[in-house]
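The values are calculated or read from the model by the stated rules, or taken from the named source; none is laboratory data. Source: prediction; values computed, not measured. Virtual Cβ from ideal backbone geometry, glycine too; neighbours counted across all protein chains shown.
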Amino acid sequence: MKKVLLFAMLVFATGLLFSCTSDDPDNGGQGGGPPGSTGSLSYEGQTYKTVKIGTQTWMAENLNYNPGTGTSACYSNGQNNCNTYGRLYDWSTAMGLSPTCNENSCSSQIQAKHRGICPSGWHIPSNDDWDKLFRYVDGTSGTESPYDSETAGKYLKATSGWNSYNGVSGNGTDQHGFSALPGGRGLSGGSFGNVGYNGYWWSADEYEDGSDFAYGRYMGYGNDYAYWSNYYKSYLRSVRCLQD
């Protein structure tokens, strides 16, 4: 009788343990142990780290590929900045579309998983893709899109490379191996800014009427947020590729 009771108690305790541990691959990432499986990808002469976060597999560094067409640059036109932060692209170049798409809606040309300048089998992340990442790492659920997270930046930012704010380090914990860096941005007039302070990444989605704005995401050195925003398509931003 005592053995039966002890067994029942063990089963009950085990049930409590598993009920408190989320096994939903798209939720409960916050504080959820070590990063997912890592790998590598060779593309146009360069090897990129990759990482699985929840059910998604991301490049673990910014794209550093010169397509030879369109508009792209290293930050301040310095090759060492490309080596550190990846290359910056305007939206049409990142999407592999005509430069006229920076001023006009090209929604009919955007695929559900739009490859753009990413390797075969990978694509420019959509707003839904970014939302899924942010919600996984901050441990929330919901349907709001595009989604701002108050904490995802902390878990996605690299552990070094971010400037301090009021004496407090702007670095993150890089809990999932995403290793976001503050690669800054370029403007259509040829100027650059914010390296060390902010990181900006394109989304595949056009903003509202889609004429000269597209969605993007950014993280800053002064807080743990991961935000969405909209930018002129002619601005230069970083690209992260996501596996199909």
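Is it true that some residue in the range 135-147 is aliphatic (A, V, I, L, M) and under 15 Å from Ser203 (Cβ atoms)?
No, because not a single residue in the range 135-147 is aliphatic (A, V, I, L, M) and under 15 Å from Ser203 (Cβ atoms).
Look at Gly32 and say whether it is small (Gly, Ala, Ser) and at pLDDT 95 or above.
no
Of all residues in the range 222-234, which are farther than 18 Å from Val137 by Cβ and crowded, with 21+ Cβ neighbours inside 10 Å?
Across the range 222-234, the qualifying residues are Tyr231, Lys233.
On the basis of being of a type in the set (Gly, Ala, Ser) and over 21 Å from Pro125 (Cβ atoms), does Ser169 make the cut?
Criteria met by Ser169.
Pairs only if they're at least six apart or on different chains, beta carbon under 6 angstrom, first in the range 213-240 and free of Cβ contacts under 8 Å to residues at least 40 places away in the same chain, second basic (Lys, Arg) and crowded, with 19+ Cβ neighbours inside 10 Å; list them, first residue then second.
That search, which allows pairs on different chains as well, returns Gly216/Arg237.
Please indicate, with yes or no, whether at least one residue in the range 61-82 is within 18 Å of Arg217 (Cβ to Cβ) and of a type in the set (A, V, I, L, M, F, W, C).
Yes, the range 61-82 contains a residue that is within 18 Å of Arg217 (Cβ to Cβ) and of a type in the set (A, V, I, L, M, F, W, C).
Would you pick out the residues in the range 95-115 that are within 18 Å of the chain's Cα centre (by Cα) and either within 11 Å of Ser203 (Cβ to Cβ) or not small (Gly, Ala, Ser) (or both)?
Met95, Lys113, His114, Arg115
Restricting the search to the range 88-105, which residues are surrounded by 18 or more Cβ atoms within 10 Å (Cβ to Cβ) and either touching a residue at least 40 places away in the same chain (Cβ under 8 Å) or of a type in the set (Asp, Glu) (or both)?
Leu88, Tyr89, Asp90, Trp91, Ser92, Ala94, Met95, Cys101, Asn102
Regarding Asn66, is this residue in a loop (DSSP other than H, G, I, E, B), farther than 18 Å from Leu181 by Cα and in contact with a Lys or Arg (Cβ under 9 Å, 6 or more places away or on another chain)?
For Asn66, the condition - in a loop (DSSP other than H, G, I, E, B), farther than 18 Å from Leu181 by Cα and in contact with a Lys or Arg (Cβ under 9 Å, 6 or more places away or on another chain) - is met.
What is the number of the single condition among (1) crowded, with 19+ Cβ neighbours inside 10 Å; (2) farther than 30 Å from Gly139 by Cβ; (3) among the aromatic types (Phe, Trp, Tyr) that Tyr43 does not meet?
Going through (1) crowded, with 19+ Cβ neighbours inside 10 Å; (2) farther than 30 Å from Gly139 by Cβ; (3) among the aromatic types (Phe, Trp, Tyr) one by one, Tyr43 breaks only (1).
Could you give me the residue pairs with C-beta distances under 7 Å whose first residue belongs to the range 150-174 and is more than 15 Å from Asn62 (Cβ to Cβ) and in contact (Cβ under 8 Å) with a residue 12 or more places away in the chain, whose second residue is of a type in the set (Lys, Arg) and assigned to a helix (DSSP H, G or I) wherever it lies, and which are 6+ apart or on separate chains?
That search, which allows pairs on different chains as well, returns Gly172/Lys154; Thr173/Lys154.
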